[in-house]
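Scroll down for the structure; my scribbles are underneath it.
No value in this document is a laboratory result; all are computed from the given coordinates. In this text the structure is predicted, and so the values were computed from the model without any measurement. For neighbour counting, all protein chains shown are included, and Cβ atoms are generated from backbone atoms with ideal geometry for every residue, glycine included.
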Amino acid sequence: MQSIISSQIEYLRAMFVSGFTFVRNAVKLDYPVKEAILSVLPLVDEMVVAVGKSEDATLDLIRSIHPDKIRIVETVWDDSLREGGQVLAIETDKAKAAVNSKADWLIYIQADECLHEEDYDEIRTNMERFKDDEGVDGLLFTYTHFYGSFDFVGDSRTWYRNEIRVIKNDSSISSWKDAQGFRKAGTKLRVKQINARVYHYGWVRHPRYMMAKAVEANKLWHSDEWISERFDPKKDFDYSKIDSLKRFEGTHPKVMLARIQAMNWEFSHDPSKKKFGFKTGLLYYLERLTGWRVGENKNYRIG
């Protein structure tokens, strides 16, 4: 009888959800990390933020957002790691390791991503639906990648279309490679695709900040010599070299509206002009016609 009661209590227990992210030099590089965190807070019981030692007021910024719900883990990045962006996965795992042990689900967001409030019900419903399903490790989101301004999105094969942003609270799940996705004991996660979006704003900021971000980000992959040959930190970033964009027709998350209204640079683009080689162009138009992306790298297993 006692075991039956205990089972009923466990079944009725409210779902506990933790959020986690990491960041460094958000002010210096104009990351929308405040907006990213605010977009997740309505869905979580706590938010863990791993704040790397920064050259600006990033720590103060994170402290100011929601002190009652956010827990900060102060970290130091290993800047000697310059291969494959692996330090990003290390910092992600530091944040993940600090979440509450009773969490059923973990929502991961990067410092330049936002969830849309219109998708909250979809996310909650699927977390509840698959909470006790041992065959589901995570939930898969579709991506919208903004470029140059808040009015254009990348629509070529350059941009990944889906990624995992909700995972079970499982210690065997860890960040993979450059923290784009996750693995479970080295294998791809079993996921369910849900009708929810991640808006990626990593390529939208003043060209001066974009150049600074490009220089700093590439330090996680390349040598100083490689970077100096390709980027001049004294110049603005050249947004014109993109292969293909289309106009954005939807709405932005409400948490982004103030940042959008404060946009202080000009960006113009003709979506009809494409910069493809023959093969890339052929694959692009095939995808437009059929929805099939030939050779797509899928960092997950859809069940």
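Please compute the net charge surrounding V51, taking Lys and Arg as +1 and Asp and Glu as -1 over other residues with Cβ under 14 Å from its Cβ. Once positives and negatives cancel, what remains is +2. In summary, the aspartates and glutamates within cross-link reach of K102, defined as a Cα separation below 20 angstrom excluding same-chain residues under 8 places away, comprise E10, D45, E46, D68, D93, E128, D132, D133, E134, D137, D170. Peptides 160-166, 59-65 ranked from most to least packed by the mean count of surrounding Cβ atoms within 10 Å: 160-166, 59-65. Placing a label point 7 Å from the Cα of D68 along the Cα-to-Cβ direction, the residues of the stretch 21-48 with a backbone N closer than 19 Å are 37-48. Among DSSP beta bridges lying fully in the chain, give the percent that are antiparallel, nearest 5. Taking every DSSP beta bridge within the chain, about 45 percent pair in antiparallel fashion. The simple spin-label model puts a point 7 Å past each Cα toward its Cβ; for F231 and I302 those points are separated by 3.4 nm. Taking the helices alone, the chain has a mean residue ellipticity at 222 nm of -8500 deg cm²/dmol, built from -39,500 (n - 2.57) per DSSP H run of at least 4 residues and averaged over all its residues.
For the chain, the relative contact order is 20 percent, taking Cα pairs closer than 8 Å that sit 6 or more residues apart in sequence and dividing their mean separation by the residue count. Legend: ranking of residues D133, D45 from fewest to most surrounding C-beta atoms inside 10 Å; resulting order D133, D45.
Multiplying the residue separation of K273 and R161 by 0.36 nm and subtracting their alpha-carbon distance yields 38.2 nm. When Y284, Y199 are arranged by Cβ crowding within 10 Å, least crowded first, meaning fewest neighbours, the order is Y284, Y199.
Computed from the alpha carbon positions, the gyration tensor of the stretch 176-303 leads to an equivalent ellipsoid with semi-axes of 28, 22, 20 Å, biggest first.
Normalised by residue count, the chain yields a Cα convex hull volume of 152 Å³ per residue. Bridgeable lysines around K241 (alpha carbons under 16 Å apart, same-chain partners fewer than 8 residues away excluded): K273, K274, K275.
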